[in-house]
Amino acid sequence: MALDQRIFWKNERIAFLALATLKGVGFWTLHQLATSKAGFKNTFKSNFDKYIKLEEGAVTPLAEIKKKLWQRGIRILEELAKENIALIFHEEDRFPAKLRNIHDAPQWLFVQGNLSILNTESIAIVGTRKPTEEGMFLTRLILATLYKSRFSTVSGLALGIDQLAHLESIKYGLPTIAVLGTGIRESYPKGSEPIRKMILESGGAVITEYLPTQTYSSENFVRRNRIQAALSNILIPVEWKIKSGTAHTVGFAAKYNKKIINIYLPKTLQARPEIIFSRNTYGATEYEMPLEIPELLSTISSPLEESATPTIEPNGQLGLEL
């Protein structure tokens with residue numbers, strides 16, 4: 001990247017992080033600003049005076065307030081870099097193409113860990129937070145089936161199927177991506193920190209579009225699901241219900257023309273109405289496990305055989321640019 005481009009994007013990051021700390025400036029204000037293409041540094045310099053004045057009151061000169069605020073942005077950026085967290089914007093070359101090309105693309109991403117994994121061929125494996133023994137067995141089985149494949153995996157770090165998908169991916173040497181419904185510095189769900197650490201140490205990544213300390217909400221998790229669907233080449237919703245968070249991911253996958261594959265055990269298909277629903281509504285396919293494992297492997301490989309397999313950096317680290 002040319003030096004002037006590096007400086008431009010560094011300034012955009014500093015301005016973004018500084019503005020994000022202002023009273024009354026949240027995710028949607030910054031999102032609207034990003035889609036307007038006004039530029040965060042330009043906005044910081046000229047258009048946010050009413051918010052900046054709230055920081056220390058009208059008695060403090062505006063130039064002094066802006067200087068302190070800019071230093072705050074620098075400090076946050078440096079803190080993120082120490083945690084191997086990068087902030088990348090939609091217009092940057094290194095922004096993952098799979099996300100850039102959807103019509104409701106995130107305008108920025110916080111990425112902790114291995115950025116290159118976001119451009120690999122991947123399978124999203126998601127499902128209920130309260131899985132049955134059958135659901136957990138199917139999750140383990142599908143990950144064992146993918147052992148030694150070229151795929152990385154995508155899931156949401158939620159309790160249940162998602163966390164198991166990450167753990168089984170790590171067990172079989174498949175780099176895995178956790179897509180959060182909260183800010184990158186939030187610990188959610190409670191107790192997930194060891195899994196996050198394992199994901200990063202195994203060459204994976206933790207990503208989110210939400211602001212660093214933004215907490216969870218039902219809306220955030222619905223929007224998070226579109227990123228899971230968009231990042232994947234194939235979606236396998238292991239165990240889910242027609243009205244659920246996973247159902248949103250299935251809907252997004254269909255919207256983005258992703259292949260949707262359901263799996264089930266012998267003599268259980270009629271007890272899985274979501275499978276019939278997704279077949280009839282979205283054209284999903286289904287396979288009986290373990291009998292139809294060869295057919296499933298043929299299906300997930302055939303549409304991607306001509307694609308070049310992206311390489312993953314061996315140390316799983318992201319070359320951070322401040």
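The values are calculated or read from the model by the stated rules, or taken from the named source; none is laboratory data. Because the structure is a prediction, the values reported are computed rather than measured. As a convention, Cβ positions derive from the backbone with ideal geometry for all residues, glycine included, and neighbour counts pool all protein chains shown.
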**Complete:** Those residues of segment 6-22 which are assigned to a helix (DSSP H, G or I) and without any contact (Cβ under 8 Å) to a residue 60 or more places away in the chain amount to 7, 8, 11, 15, 18, 19
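Please go through segment 275-294 and pick out each residue that is touching a residue at least 60 places away in the same chain (Cβ under 8 Å) and not β-branched (Val, Ile, Thr). Let's see the steps before the verdict.
Going residue by residue through segment 275-294, those that are touching a residue at least 60 places away in the same chain (Cβ under 8 Å) are 289-290, 293.
Within segment 275-294, 289, 290 meet the criteria.
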**Prompt:** Quick one: would you say residue 41 is outside any helix (DSSP H, G or I) and either surrounded by fewer than 14 Cβ atoms within 10 Å (Cβ to Cβ) or in contact (Cβ under 8 Å) with a residue 24 or more places away in the chain (or both)?
**Reply:** no
**Request:** Please name all residue pairs, on different chains or six or more residues apart, with Cβ atoms under 6 Å, provided the first residue is in segment 257-274 and is among the hydrophobic types (A, V, I, L, M, F, W, C) and the second residue is surrounded by 11 or more Cβ atoms within 10 Å (Cβ to Cβ) and in a strand (DSSP E or B).
**Result:** 260/235; 261/236; 261/285; 263/287
**Item:** Selected residue (only one of 86, 63 is within 21 Å of residue 200 (Cα to Cα) and outside any loop (DSSP other than H, G, I, E, B))
**Value:** 86
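Could you please give the count of residues in segment 97-113 that are of a type outside the set (Val, Ile, Thr) and under 20 Å from residue 182 (Cβ atoms)? Break it down stepwise before answering.
As a first pass, look at segment 97-113 and keep what is of a type outside the set (Val, Ile, Thr): 97-101, 103-110, 112-113.
When the remaining residues are screened for being under 20 Å from residue 182 (Cβ atoms), the result is 99, 104-110, 112-113.
Counting residues in segment 97-113 that are of a type outside the set (Val, Ile, Thr) and under 20 Å from residue 182 (Cβ atoms) gives 10.
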**Item:** Residue that is surrounded by the most Cβ atoms within 10 Å (Cβ to Cβ), among those in segment 234-283 that are of a type in the set (A, V, I, L, M, F, W, C), within 17 Å of the chain's Cα centre (by Cα) and more than 18 Å from residue 181 (Cβ to Cβ)
**Value:** 236
**Fill in**
Of the residues in segment 218-228 that are touching a residue at least 12 places away in the same chain (Cβ under 8 Å) and of a type outside the set (Phe, Trp, Tyr), the one that is surrounded by the fewest Cβ atoms within 10 Å (Cβ to Cβ) is 222
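Name the single residue, out of those in segment 57-107 being of a type in the set (Val, Ile, Thr) and within 30 Å of residue 258 (Cα to Cα), that is modelled with the lowest pLDDT. Reasoning before the result, please.
Restricting attention to segment 57-107, the residues satisfying the condition of being of a type in the set (Val, Ile, Thr) are 59-60, 65, 74, 76, 85, 88, 102.
In the following step, the residues that additionally are within 30 Å of residue 258 (Cα to Cα) were identified as 85, 88, 102.
Details: 85: 98, 88: 98, 102: 95.
My answer is 102.
Restricting to segment 112-138, give me the number of residues that are among the hydrophobic types (A, V, I, L, M, F, W, C) and surrounded by fewer than 17 Cβ atoms within 10 Å (Cβ to Cβ).
At the first step, the residues of segment 112-138 found to be among the hydrophobic types (A, V, I, L, M, F, W, C) are 115, 117-118, 123-126, 136-138.
Still in the list and also surrounded by fewer than 17 Cβ atoms within 10 Å (Cβ to Cβ): 137.
Residues that pass the stated criteria total 1.
Results for (1) within 23 Å of residue 173 (Cα to Cα); (2) part of a helix (DSSP H, G or I); (3) touching a Leu at 6+ places or on another chain (Cβ under 9 Å); (4) in contact (Cβ under 8 Å) with a residue 24 or more places away in the chain, shown as yes or no for each residue.
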position	(1), (2), (3), (4)
200	yes, yes, no, yes
210	no, no, yes, yes
215	no, no, no, yes
230	yes, yes, yes, yes
296	yes, yes, no, yes
**Every residue from segment 263-279 that is touching a strand residue (DSSP E or B) at 6+ places or on another chain (Cβ under 8 Å) and either farther than 16 Å from residue 132 by Cα or part of a helix (DSSP H, G or I) (or both)** = 269, 274, 275, 278, 279
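The rows are residues; the columns are (1) under 17 Å from residue 76 (Cβ atoms); (2) not β-branched (Val, Ile, Thr).
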site	(1), (2)
17	yes, yes
27	yes, yes
35	no, no
54	no, yes
64	no, yes
**Request:** Filter segment 240-287 for residues that are under 18 Å from residue 227 (Cα atoms) and either small (Gly, Ala, Ser) or not assigned by TED's automatic domain parsing to the domain that holds residue 140 (or both) and give the result.
**Result:** 244, 245, 247, 251, 253, 254
**Request:** Could you pull out the residue among 78, 168 that is surrounded by fewer than 21 Cβ atoms within 10 Å (Cβ to Cβ), of a type in the set (Asp, Glu), in a helix (DSSP H, G or I) and out of contact with any His (no Cβ under 9 Å at 6 or more places or on another chain)?
**Result:** 78
**Asked** Among the listed residues 109, 69, 54, 87, which satisfies the condition of being surrounded by fewer than 20 Cβ atoms within 10 Å (Cβ to Cβ) and among the aliphatic types (A, V, I, L, M)?
**Response** 54
**Prompt:** From the list 13, 6, which residue is at pLDDT below 95, closer than 30 Å to residue 197 by Cα and not aromatic (Phe, Trp, Tyr)?
**Reply:** 6
